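Remarks on the structure that follows.
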Amino acid sequence: MEKKAYRESLQNNVERIRMSQRLATISTDVPVEFSVESVKAQAPNPALLKAIYQEMEFHSLLKELGPSEDTRERQYAVIPSGDALRAWLAEAQGAPVAVAISKSAEGEFALDTIGLAWRPGEARAVHTEHFAALAPWLEDAGAVKIACDVKAALLALARFGIEARGFAHDVMLYAFLLDADPAGCALEEQARRRLDLKLGPARSSMPTSPWNSSNSYRRRSIPAACAGSTTKSNCP
Amino acid sequence: MRAHARVLRPCAPPPASPPRRSISSTTCLRKLSKQHAPAYVAAIFESAEPTHRVLEFPEYKANRAETPPDLLEQIPFVRRILEAMRIPILEYPGFEADDVIGTLARRAEALGMDVVVVSSDKDMLQLVNDHVAMLNPAKDDEWYDAEKVKSFMGVRPDQVADLLALKGDAVDNIPGAPGIGDKGAKDLIERFGSLDAALERAAESGEEGLPREPAK
């Protein structure tokens, strides 16, 4: 019976089966214009890819692409004196000042330089010899400051007897609030994700800056905690 | 040295929120480009205009649910990713992507290339031969050569369309022959070799049913 049913189905549905055959058969000769050269494989366009990855917040893919070349003009310098420091801070006229404090890989605070910046493209390095001149400003609760990991900054400064106040903004805290991603909170990662910039040792990334040429950038006294540091530190 | 060509369909994203779909399509394309390093590559998009199948049979694919809006939203994104990856997008008004892929695969084959069709559509298995394979990224990158097609579909690649025509295809709403089903369709194709031969023999056969001669 079964075979008879097949035969009858085939006999009685020829047109339907033929149509099904036409629908199911993929054409291999449609008249489309096409040149092989136009589909030659090419390397991706990194700028376009990066823009999409940034828009979609594909952080791991962005990391693979690496940061863009940073060719912006910068004005970086080492503060030569207490007077120069006070004059430079006065120029800020109350604008929030970013305070950068380095940390060794071991988690110990290795503070011999404090970085300051209050406008894009410009920064100053203050070495330990001028910490005393910087202390009143650091301890002034009315002088608004920004840091990444304020708690660590306060601890590091406390080791120098500085009771810092006025840290109104913590970039690390904001990063966590935005992404809830502990791996994305470090300053290096924030710079990469949000600004497409690579933070690195000052001297290698700024070959013509005063930081590079000035011997005063060299540490005069190496704090013990810094001596053993290996990476991620601004320690030379 | 043989060149490799690759004909991509945009990878089928898993059901998820838009960002996950996006990253799925992106990682799929990156993986394909990196792992297989094709010499030639193109992504074929479906035509928005009616194709010859719809003109012949308006119910063709008419059973399908509306494309989910969040998937539609991803299409411009997939186009941008393809553009950034410099993978050309080919679309020809009035031609179904399947037919364009079939045509390009045969043309590339004629130029001496080995072709990989990247798709999760079993219809495409009919294109497989010694120089055309199919890769299904939705199934752990399962690779289909002629042998695999035979074990998966129960028939040779060149018999796949006849098998679908006989048993029907609920996905594309192809009606097929009533009362034959998957097993009957495979039996008939195996016994007669093709749909044409089965129809011819059915017309000739007597009351006792279809003869049992093996396919030549």
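Look at A:Ala143 and say whether it is surrounded by 14 or more Cβ atoms within 10 Å (Cβ to Cβ), under 19 Å from A:Ala90 (Cβ atoms) and in the same structural domain as A:Ala191 (by TED's automatic domain parsing). Yes: the conditions hold for A:Ala143. Restricting B:Ala42, B:Ala12 to residues that are at pLDDT below 80, in the same structural domain as B:Asn136 (by TED's automatic domain parsing) and aliphatic (A, V, I, L, M) narrows the list to B:Ala12.
When A:Ser9, A:Ser81, A:Ser60 are checked against the criterion of being assigned by TED's automatic domain parsing to the domain that holds A:Thr128 and among the polar types (S, T, N, Q), A:Ser81 stands alone in meeting it.
Please indicate, with yes or no, whether at least one residue in region B:43-54 is farther than 24 Å from A:Glu15 by Cβ, of a type in the set (Phe, Trp, Tyr), touching a residue at least 24 places away in the same chain (Cβ under 8 Å) and in a helix (DSSP H, G or I). No, there is no match, as no residue in region B:43-54 is farther than 24 Å from A:Glu15 by Cβ, of a type in the set (Phe, Trp, Tyr), touching a residue at least 24 places away in the same chain (Cβ under 8 Å) and in a helix (DSSP H, G or I).
Test B:Met134 against the criterion of being part of a strand (DSSP E or B) and either crowded, with 20+ Cβ neighbours inside 10 Å or not assigned by TED's automatic domain parsing to the domain that holds B:Leu188 (or both), and give yes or no. Considered against the rule, which asks whether it is part of a strand (DSSP E or B) and either crowded, with 20+ Cβ neighbours inside 10 Å or not assigned by TED's automatic domain parsing to the domain that holds B:Leu188 (or both), B:Met134 comes out as yes. One residue alone among B:Leu82, B:Leu90, B:Leu104, B:Leu125 is closer than 24 Å to B:Leu199 by Cβ, touching a strand residue (DSSP E or B) at 6+ places or on another chain (Cβ under 8 Å) and in the same structural domain as B:Val54 (by TED's automatic domain parsing), and that residue is B:Leu125.
The residue of region B:193-216 that is modelled with the highest pLDDT, among those that are assigned to a helix (DSSP H, G or I) and at the interface with another protein chain (Cβ under 8 Å from one of its Cβ atoms), is B:Ala198. Working only within region B:82-124, note down all residues that are at the interface with chain A (Cβ under 7 Å from one of its Cβ atoms) and assigned to a loop (DSSP other than H, G, I, E, B). Once the filter is applied, which keeps residues that are at the interface with chain A (Cβ under 7 Å from one of its Cβ atoms) and assigned to a loop (DSSP other than H, G, I, E, B), region B:82-124 yields B:Met85, B:Arg86, B:Pro88, B:Tyr92, B:Phe95, B:Leu111.
On the stretch given as region B:150-192, residues that are in contact with a Pro (Cβ under 9 Å, 6 or more places away or on another chain), in a helix (DSSP H, G or I) and more than 19 Å from B:Ala203 (Cα to Cα) total 1. Mind checking which residues of region A:115-140 are buried (at least 16 other Cβ atoms within 10 Å of the Cβ) and within 20 Å of the chain's Cα centre (by Cα)? Those that are buried (at least 16 other Cβ atoms within 10 Å of the Cβ) and within 20 Å of the chain's Cα centre (by Cα): A:Gly115, A:Leu116, A:Ala117, A:Trp118, A:Ala123. The single condition among (1) within 8 Å of another protein chain (Cβ to nearest Cβ); (2) within 16 Å of A:Ile26 (Cβ to Cβ); (3) among the aliphatic types (A, V, I, L, M) that B:Met134 does not meet is (1).
The values are calculated or read from the model by the stated rules, or taken from the named source; none is laboratory data. Since this is a predicted model, take the numbers as computed values, not measurements. Positions of Cβ are backbone-derived with ideal geometry, glycine not excepted, and every protein chain shown enters the neighbour counts.
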